[in-house]
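K.L.:
Take this structure, written in structure tokens, and hold onto it; I'll ask about it next.
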Amino acid sequence: MSAMTVATSVFSDSAAAVRVLPVDAALAPSVRALQVAPEQLPFVGDTAFNLADTWRDPNSEAMAILADDSVVGFYRLDFSVQAIAGRSLGEPGVGLRAYMIDRARQGRGYGTRAIAACRDDLCLRHPQRRLLALTVNVRNRPAISAYLKAGFVDTGELFHGGNAGPQHLMLLCLIPSSPDPTSP
Ligand SMILES: CC(C)(COP(=O)(O)OP(=O)(O)OC[C@H]1O[C@@H](n2cnc3c(N)ncnc32)[C@H](O)[C@@H]1OP(=O)(O)O)[C@@H](O)C(=O)NCCC(=O)NCCS
């Protein structure tokens, strides 16, 4: 399987296949056009800026979220994970930043389902990474709900830096647990 294999998560309750792809020149205009609601901007910032900022950082990857063939969201993979957690996680990790679904496409399950596609993509392209880490503002209920539904665990640690208020540190294990060798 090639390193550019598309990670896809298809759920039976929806017709759209949710995929993630590295942002290239062809996808970039659609990514730059993505918008969040004004009241969501403090949580994520402007996506066109975030794309440019990601491309400037050799330790980051810019990723597009697609529903079928439409670009519906964006995120940044940050491989200098100490910048997310403020410390080593004890295992090789990657940070999830600037995660967003376009305001016109929110509330349809894409935000939750794209985490599964992100996880599959990391297992394919970066199999040595074991943890996905993020921080999320304590007031950002839709994001917290989406992350918990997608399998993230709240570490209970709170970060008080930043302009928008305290943030939870959440972690997702990227390595599927081994099958129980004693089970039939
Ligand atoms: C957070 C975000 C990515 C979730 O994506 P999404 O596609 O809307 O999420 P889902 O459809 O998978 O729904 C996830 C949860 O959020 C809830 N939700 C979605 N949109 C909502 C809204 N506008 N208001 C209230 N709740 C909302 C859903 O009901 C669901 O929770 P539930 O099923 O337990 O009720 C999206 O809302 C977003 O882009 N927000 C702005 C940017 C942001 O805050 N990013 C996170 C930075 S850490």
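Throughout, read-outs are computed from the coordinates displayed, never taken from laboratory work. Owing to the predicted nature of the structure, the values given are computational and were not obtained by experimental measurement. In this analysis, Cβ positions are derived from the backbone assuming ideal geometry, glycine residues included, and neighbour counts consider all displayed protein chains.
K.L.:
For GLU157, what residues show an amide H to amide H distance below 5 Å, using hydrogens built from the backbone and excluding near sequence neighbours?
P.N.:
Distant-sequence amide H within range of GLU157: LEU169.
K.L.:
May I ask you to compute the full-extension gain from ALA83 to ARG103, defined as 0.36 nm times their residue separation minus their alpha-carbon distance, rounded to one decimal in nm?
P.N.:
On the way: separation 20, 0.36 × 20 = 7.20 nm, distance 2.74 nm.
Working it through step by step, the gained length comes to 4.5 nm.
K.L.:
Given Cα pairs under 8 Å that are at least 6 residues apart, what percent is the relative contact order of the range 7-133?
P.N.:
Values: 213 pairs, mean separation 35.0, N = 127.
28 percent.
K.L.:
Per-residue HN-Hα couplings for the range 25-39, Karplus 6.51 cos²θ - 1.76 cosθ + 1.60 at θ = phi - 60°, whole Hz, x for Gly and Pro?
P.N.:
Values, residue by residue: 4, 6, 7, 4, x, 5, 5, 4, 7, 5, 10, 10, 5, x, 6 Hz.
K.L.:
What is the packing order of peptides 61-72, 79-90, taking the mean over residues of other C-beta atoms within 10 Å and listing the highest first?
P.N.:
Details: 61-72: 20.0, 79-90: 15.0.
Averaged packing, sorted descending, gives the order 61-72, 79-90.
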